[in-house]
Structure formats: C-alpha cells, structure tokens
Amino acid sequence: MIISINQPELLNITDSLGHKTYFGANQVWYTKAWNREAGCGPTCASNITAYLAQTRDKYKELFIPNSLEKNDFLKHMDELFKYITPGAMGVNHVDKFTGGITKFAEDRGVLLETEVFSVENCFTRKRNVERLFEFVNHGLESDCPLAFLNLSRGEETSLQAWHWITITGAEMKEDSLIASASDQGSLIRFDLLKWYLTTRMHGGLIYIK
C-alpha cells in the first residue's frame, strides 16, 4: 500500500535567482552558523506549518509569508526557530518540538492538537510494529506531513543521526515501510521500519490533527 499527503508539490520551494527548486526547506539557509548547524527541528516545523496553512483555512495564519520563494520562506523558518530553539544537544526530544510548534500556533490565534509516536531508548523493549504502521497511515491519511526525529539511525544507513526530517509519503509492505521525506531540501527514501527495529535512542513521529 502506498500513501501520501495529498499535495506534496506544496512543499516545492523555488529560488528564482538560482533557478532551483527544492523539496522542502534546508537548514543551511539560516544566516547564523548555529542555526545552520542545529536548525533541523525548526526547519521541519516550517515545512509542516506551511503545508497546513495552504491546505486548511483554520491554519492559514501559520504561514504568514504566503510565498514559496526561498527568501520569503526563510522568514518563516526564522520565526519557527524562536519557538523550537535548539539547545546544546539540539531539539533532542519530541516534547520540545510539540511544545514549540503549539506555542507558535497559539501566538497566532490557532489551536493545534498533536499526535505523538514516541520511541524510548530502552533497546530491550519490544517494538510494536503494528502501531507504527497505524500511526504513519493515520497521519498521512489526515493529509499532514510527519515530523520525524532520529537520534540513532540504527541499521538504516540512509539516515543522518541526531536529525529531524519531514515525511510526506510511505510504501507499506509486510516487511518494510519505505518512507519518502524532505531532508535538507531534497527528497529521500528510507526504511522507517528498519530504523524503528534497530534504533537505540529516543526518537519519534508527530503529526497535527
């Protein structure tokens, strides 16, 4: 089964001067060095809020620039950075993300409800594969990109460790869950199930109802 957000093209960000198109934002666009190094969390939140604002009237205040031009989108990223601000260890827990994005919305008069799939760092705990599939399915079926935190990539070498990316689709099979995601302005694919079964640290998935 293949499932996706309804309009992934709404994450296509253009750079008219550079004659380029990106799939989602890239944290290297930030102007400050620390923001570029540690800004994957607010970058991911920027993608999600921009998508929601374009697809739901009740969320339109979440993306004030109303433009998918790179320079305008960076202003949106700068706003999210104020709310999802990386500390010395980055944005290293799903709660830091949900707290920040909820406050960002609240300050714009918007009520957000988040759904969270949290993976704890106890490697001996049995992983619930069915629940993972259900969560991904529910999130994408609701037409919301998924925020994905991966501190330990486990055996999934296609991923960067200690990183947030934005999942936009998935191909679900019996023994794999091949996710499509925006990562640093590009489309990547990786096996989310392999990550889930082999990661050794905290991580998780989030979507907005």
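The values are calculated or read from the model by the stated rules, or taken from the named source; none is laboratory data. Nothing here was measured: the structure is a model prediction, and the numbers come from that model. Note that we place each Cβ from the backbone using ideal geometry, even for glycine, and neighbour counts take in every protein chain shown.
Values for this structure:
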{"item": "Wholly enclosed helices (runs of 4 or more DSSP H) of segment 94-209 bearing at least 2 residues among the β-branched types (V, I, T) and under 21 Å from G39 (Cβ atoms)", "result": "94-106"}
{"item": "Candidates Q184, Q160 - the one that is among the polar types (S, T, N, Q) and either surrounded by fewer than 16 Cβ atoms within 10 Å (Cβ to Cβ) or in the same structural domain as K20 (by TED's automatic domain parsing) (or both)", "result": "Q160"}
{"item": "Residues within segment 65-93 that are touching a residue at least 40 places away in the same chain (Cβ under 8 Å) and either of a type in the set (G, A, S) or part of a loop (DSSP other than H, G, I, E, B) (or both), tallied", "result": "8"}
{"item": "Qualifying positions in segment 36-72 - touching a Gly at 6+ places or on another chain (Cβ under 7 Å) and of a type in the set (D, E, K, R)", "result": "E61"}
